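The values are calculated or read from the model by the stated rules, or taken from the named source; none is laboratory data. It should be emphasised that the depicted structure is a prediction, and the values quoted were computed from it without experimental measurement. When we count neighbours, we look across all protein chains shown, and the Cβ atoms used for this are built from the backbone with ideal geometry, even at glycine.
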Amino acid sequence: MTCGQHTGTAREPVRSATLGESDGPLARSHDLALLDLDGVVYIGPDPVPGATEALAAARAVGMRLAFVTNNASRTPSTVSEHLVRLGIPATPDEVVTSAMAAAALLARRLGVGERVLVAGGEGLHRALEDRGLVPVRSMAERPAAVVQGFGPRVGRRELTEVVAAVRAGLPWIATNRDPTVPTPTGRSPGNGALVARVVAATGEQPQVAGKPQPTLFTEAVQRYRSRSPLVVGDRLDTDLEGARAAGMPGLLVLTGVTDVPELLAAAPGFRPTFVGRDLGALHESHPRPLLAGGDGARLVRCREAEVAMTRGELRIVRPGAPLDLLRAACVACWTRADEQATAAPDPTDPKDPTAPDLPRGAEVVVAALATLDQRRPRSR
Ligand SMILES: [Mg+2]
C-alpha cells in the first residue's frame, strides 16, 4: 500500500530518504523481532505501557521474539526473570547481550583460560566465564585484555585500571557505546559515557562488540533460522544504525531515547525503515510517504497528512493522523538534508544555528507531534 496518488504535480522517484511500507501488520510479515529492551520493552524496572500486550499478540500470530540488548550489566537469566515478572514469557536463551558479544570476541582472540580485566557488572563477568575466560579486577593480576561494560558500581577505581590497561597496550573491548540509558526519571549516563572518559585519558579507541555492530543481530537470525527479521529499537545510533549495518529493516519506537527532532534530523546511516509510537506498531500497517515536487516546493504526502518544503522551510499543509504527519515530515527533512549534503550552499536557505540539522518551520511540526512523545519520565 502507498499513501495515495498525488495530483497536480509530477511525482519524483522514491529516494533513499524514504520510509519502508508494509501493507499488513509487521508482526505478520516478519518472522522474528530482534527487540531492544531499555526504552522499548521496559524502562528501568517498569514495563513500557502496552508492551506486554503487544508482544503477546505478536507471539500469537507466529512472530518469534529475541531480546537483544546493549546493556551488559545483567545476565540473560536476570533479564528473562525481569521479563517474566512483567508478564512477558521469556527464557534465558532468548536473550542476547552485548556482554555475550564481547566475550565471544575475546574468546576468539585470546583462547580459553586467559585473564581479562573487567570493568562492568555481573552480566559481563558471567559471559566471560561462560566462554572459558577468567575475569580479573586489576592489572596486578596480569590480564591479557581489558573489557568495559556498564555496571551500576563501575567508578573511579575500575576506570583507573582500564586506563592503565589501555596505556599498557592491551586489547580494549567495549560492550557498547550508548551514551545514555533511559531511566524512569530521564536519561542517565550509559557505558558510552564511561568509555569516553577512558578515551579522553588515553587518546585510544576501543573495539565495540554490541550494537551498532551487526554481530548480535546476525547471530540471532542464524540461531532462529529467520528469513524475515525485524530490528526494533529506540536508539538511532545503536539499534537503527545496527539494523542498517546488518541489512535488516528497523522499526523505531518513540518510547525511549529518540524524540521527534532527533528522528527528523537523522543522517542516512541511522534512519529507520518504519516508525511507531510503541510496540503496538508491530500490529499496524505502515504506509510509505509519497514525494512530489514542482515550482520550488516539495510536497510529501502520507495518507491524509501532507507537508511542504518551500525554499528550506517546512510547513504543514494538512495534519492528518500524527504518525502519518511524522512520516511525511521525516521524508521531507531527510530529502532536504541529503540534497544539501551534495549541493552547493543555498543562500536563500539559511540554517538556523540553534537547530543546524532541521529546516526552518520544523518546530511547528514538532509541536504538532507532541502527542507522539511516548517517553514518560516520572519522578519517584
Ligand atoms: Mg534502548
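Residues that are outside any loop (DSSP other than H, G, I, E, B) and within 13 Å of the ligand (Cβ to nearest atom) were ranked within region 244-268; the one that is surrounded by the fewest Cβ atoms within 10 Å (Cβ to Cβ) is GLY250.
One residue alone among ALA200, ALA165, ALA196 is among the aliphatic types (A, V, I, L, M), crowded, with 22+ Cβ neighbours inside 10 Å and either part of a loop (DSSP other than H, G, I, E, B) or modelled with pLDDT of 95 or more (or both), and that residue is ALA165.
Screening the candidates ALA174, ALA165 for the property of being touching a strand residue (DSSP E or B) at 6+ places or on another chain (Cβ under 9 Å), small (Gly, Ala, Ser) and under 30 Å from ILE43 (Cβ atoms) yields one hit, ALA174.
Note on region 156-178: residues that are without any contact (Cβ under 8 Å) to a residue 24 or more places away in the chain and farther than 18 Å from VAL116 by Cα total 1.
Among the residues of region 272-286 satisfying the criterion of being assigned to a loop (DSSP other than H, G, I, E, B) and surrounded by fewer than 24 Cβ atoms within 10 Å (Cβ to Cβ), which is farthest from the ligand (Cβ to nearest atom)? Per the criteria, the residue is SER285. The residue that is surrounded by the fewest Cβ atoms within 10 Å (Cβ to Cβ), among those in region 111-155 that are in a helix (DSSP H, G or I) and without any contact (Cβ under 8 Å) to a residue 24 or more places away in the chain, is ALA140. Restricting attention to region 214-232 and to residues that are touching a Ser or Thr at 6+ places or on another chain (Cβ under 9 Å) and not in a helix (DSSP H, G or I), the residue that is farthest from the ligand (Cβ to nearest atom) turns out to be SER228.
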